[in-house]
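The values are calculated or read from the model by the stated rules, or taken from the named source; none is laboratory data. In this text the structure is predicted, and so the values were computed from the model without any measurement. Here the Cβ positions follow ideal geometry from the backbone for every residue, glycine too, while neighbour counts run over all protein chains shown. With ligands, DNA and RNA removed, areas are computed over all heavy atoms of the protein, side chains included. Shrake-Rupley method; radii C 1.70, N 1.55, O 1.52, S 1.80 Å.
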Amino acid sequence: MQLSDKKATLSFSDGSPSIEFPVYQGTVGPDVIDIRKLYGQSGMFTYDPGFMSTASCESGITYIDGDKGELLYRGYPIDQLAQKCDFLDICYLILNGELPNETQKAEFDSNVTHHTMVNEQLHFFLRGFRRDAHPMAVLTGLVGALSAFYHDSTDITNPHHRHVSAIRLIAKMPTLVAMAYKYSQGQPFIYPQNDLSYTGNFLRMMFATPCEEYKVNEVVERALDRIFILHADHEQNASTSTVRLCGSSGTNPFAAIAAGVGCLWGPAHGGANEACLQMLEELQANGGVAKVGEFMEKVKDKNSGVRLMGFGHRVYKNYDPRAKLMQETCKEVLSALGLENDPLFKLAMELERIALEDQYFVDRKLYPNVDFYSGIVQRAIGIPTSLFTAIFALARTVGWIAQWSEMLSDPDYKIGRPRQLYTGAQTRDVPSNRG
Ligand code: SDX
């Protein structure tokens with residue numbers, strides 16, 4: 001980051017001495033005011049619950065322009081990456097900062113492919129869950145449990161160990177997600193097959209059975225690969241910030257990624273794709289398009305507690321570029337599968353049309369986000385609603401581990417330890433009549 005010639009001065013109305021802070025510029029986007037010395041010089045903290053105006057770190061991985069609705073992975077616009085690359089290209093890019101050449105891609109693909117199996121003992125770990133356990137509960141457990149199997153790469157200060165952990169996590173997430181699904185179906189686990197693509201291999205582990213060979217549908221493979229690309233990273237979102245904060249204690253990467261899985265599960269975050277499809281199915285069952293107006297009135301009534309899931313975003317105050325690409329993918333997959341008249345897609349399009357014309361949404365700059373259409377595509381592919389967020393976690397693992405590694409490669413990184421505004425009880429004695 002570059003020191004700006006601008007300075008920021010904080011003055012106090014009670015005549016306390018003002019304090020001057022350096023301002024830093026990034027490549028693009030808002031400058032930052034470096035307030036690290038604020039507490040030492042003023043005895044005061046800043047106050048920013050939800051981190052609405054706080055940059056928690058310096059990063060070179062992903063840039064979002066919320067007003068323009070732009071998303072860049074290492075400087076490349078998401079629409080170009082989604083059209084011209086596959087998911088492992090994106091993994092290489094996010095991890096290394098550049099798109100791979102042919103040789104680098106072949107080596108990276110082979111490295112990932114040859115790490116897709118998991119220790120056989122994990123099969124027994126799974127058996128401890130009820131068959132109807134939510135896949136995110138299973139995945140949180142499985143990812144955390146990986147730390148029990150890889151004692152050979154736990155030196156997080158060693159870039160090679162961090163790279164090995166990154167490859168293992170990227171490679172094994174599809175296997176773990178597919179195992180969670182097979183377990184819920186009471187079907188045997190399907191082992192990875194090395195002659196398939198990353199995404200084709202995942203589809204086969206999900207839907208093949210020992211009884212017959214599974215042929216990967218290329219349209220579905222491409223669509224799911226694009227879904228992975230769109231979910232790969234997203235700057236300092238809640239789950240990535242969780243991974244960074246968890247990793248800042250020096251814990252192992254598997255524990256840090258498990259923490260990210262847990263955070264992503266929430267309906268305000270990655271759980272929104274599951275909640276959005278449930279919302280659409282409920283609306284469809286209760287009158288569909290004819291009832292959209294009534295539903296939207298509920299959404300606008302604060303007391304109803306109803307939100308239009310898949311809409312709104314902390315950063316995007318314009319259309320989420322991923323939602324546009326997801327809508328296109330929806331159309332491609334539905335027509336390829338002969339589902340052009342999918343009622344849920346039509347309902348979603350109608351909801352979007354009405355919302356984008358409604359003053360409540362216009363005033364609050366609420367647009368569809370990545371979760372609004374992703375559930376419709378995944379449902380068309382045959383993925384159960386309860387697995388949507390696990391798929392999101394599968395794709396986001398590369399972003400999480402790249403951000404974790406970026407943090408640890410900064411020699412000045414510290415353990416994250418926010419402070420607070422305390423409004424609790426003052427010091428008081430325990431009543432003498434106790435004890
Ligand atoms: C993801 O951060 C990331 O980058 C996340 C993500 C990623 O890739 O990592 O992009 C993935 O999490 C996408 C977001 C998925 N969540 C949802 O779709 C759930 C529904 N949306 C929200 O609950 C909400 O929009 C958030 C959580 C996404 C953003 O919340 P903010 O920034 O805290 O905004 P807010 O809740 O303060 O809302 C501002 C106003 C409020 O109204 P007022 O109090 O100003 O009158 O907009 C309203 C909100 O009530 N509002 C909504 C709404 N979202 C916001 N009203 C109805 N429906 C909605 N969906």
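Across Lys346, Lys37, the residue with the most accessible area heads the list, and the full order at a 1.4 Å probe is Lys346, Lys37. Lys/Arg Cβ at +1, Asp/Glu Cβ at -1, dipole of the chain taken about the Cα centre: which of Gly266, His313, Gly60 is farthest positive-ward? Farthest along the dipole direction, towards plus: Gly266.
The simple spin-label model puts a point 7 Å past each Cα toward its Cβ; for Gln187 and Ser110 those points are separated by 3.2 nm. Our summary gives the chain a relative contact order of 19 percent, counting only alpha carbon pairs under 8 angstrom and 6 or more residues apart. Sorting 402-412, 325-335 by average packing, meaning the other beta carbons within 10 Å per residue, from highest down gives 325-335, 402-412. Of the solvent-accessible surface of the chain, computed with a 1.4 Å probe and all protein chains present, 51% belongs to carbon and sulfur. In terms of its C-alpha gyration tensor, segment 163-237 comes out prolate, because a/c is 1.5 or above and the ratio a/b outweighs b/c. With both labels modelled 7 Å from their Cα along Cα-to-Cβ, the Thr46 to Gln25 distance reads 2.0 nm.
Taking amide H as placed 1.01 Å from N in the peptide plane, the amide H of Phe21 sits under 5 Å from that of Ala8, Thr9, Leu10, each at least 5 places away or on another chain. Name the shape class, rounded, prolate or oblate, that the alpha-carbon gyration tensor gives for segment 48-150, where a ≥ b ≥ c are the square roots of its eigenvalues, rounded holds for a/c under 1.5, and otherwise prolate holds if a/b is larger than b/c and oblate otherwise. It is oblate, given that a/c is not under 1.5 and a/b is not larger than b/c.
Prolate is the label for segment 223-329, because the ratio a/c of its alpha-carbon gyration tensor axes (a ≥ b ≥ c) is 1.5 or higher and a/b is greater than b/c.
For segment 218-228, 3J(HN,Hα) computed residue by residue from phi via the Karplus equation (6.51, -1.76, 1.60; θ = phi - 60°) reads 4, 5, 5, 4, 5, 5, 5, 4, 5, 4, 4 Hz, glycine and proline entered as x. For segment 60-172, the solvent-accessible area of protein heavy atoms averages 47 Å² per residue (probe radius 1.4 Å; ligands and nucleic acids excluded). Between amide H atoms placed 1.01 Å from N, distances below 5 Å from Phe311 occur with Asn369, all of them 5 or more places distant or on a separate chain.
When the chain is modelled as a GNM with alpha-carbon springs shorter than 10 Å, which of Asp34, Asp48, Asp65 fluctuates the most? Result for the chain, Cα springs under 10 Å: Asp48 fluctuates most. Available extension along the chain between Tyr39 and Thr103 is 18.0 nm, counting 0.36 nm per residue and deducting the alpha carbon span. Multiplying the residue separation of Ser409 and Ala336 by 0.36 nm and removing their Cα-Cα distance gives an extension gain of 21.8 nm.
Between Glu282 and Ser18, the modelled label-to-label distance comes to 5.3 nm, taking each label 7 Å out from Cα in the direction of the beta carbon. Think of each Lys and Arg Cβ as +1 and each Asp and Glu Cβ as -1; about the Cα centre, that makes the dipole of segment 211-298 roughly 300 debye.
In the chain, helices alone account for a calculated mean residue ellipticity at 222 nm of -15000 deg cm²/dmol, with every DSSP H run of four or more residues adding -39,500 (n - 2.57). The stretch between Thr9 and Ala137, if pulled fully straight at 0.36 nm per residue, gains 41.3 nm over its current Cα-Cα span.
Seen against the Cα atoms of the chain and their longest principal axis, helix 198-207 is set at about 60 degrees.
Here the 3J(HN,Hα) profile of segment 251-260, calculated from phi with Karplus coefficients 6.51, -1.76 and 1.60 at θ = phi - 60°, is 5, 6, x, 5, 5, 5, 5, 4, 5, x Hz, Gly and Pro shown as x. By the compact-protein rule of thumb, 2.2 N^0.38 Å, the alpha-carbon radius of gyration of the chain corresponds to a ratio of 1.06. Note that segment 303-435 presents 52 Å² accessible area per residue, ligands and nucleic acids not counted, probe 1.4 Å. Karplus-derived 3J(HN,Hα) values for segment 17-27, using 6.51 cos²θ - 1.76 cosθ + 1.60 with θ = phi - 60°, are x, 6, 10, 9, 10, x, 10, 10, 10, x, 5 Hz; glycine and proline are entered as x. Dipole magnitude for the chain: computed about the Cα centre from +1 point charges on Lys and Arg Cβ and -1 point charges on Asp and Glu Cβ, it is near 1220 debye. Charge dipole of segment 248-370 (Cα centre as origin; +1 on each Lys and Arg Cβ, -1 on each Asp and Glu Cβ, all else neutral): 480 debye, rounded to the nearest 20.
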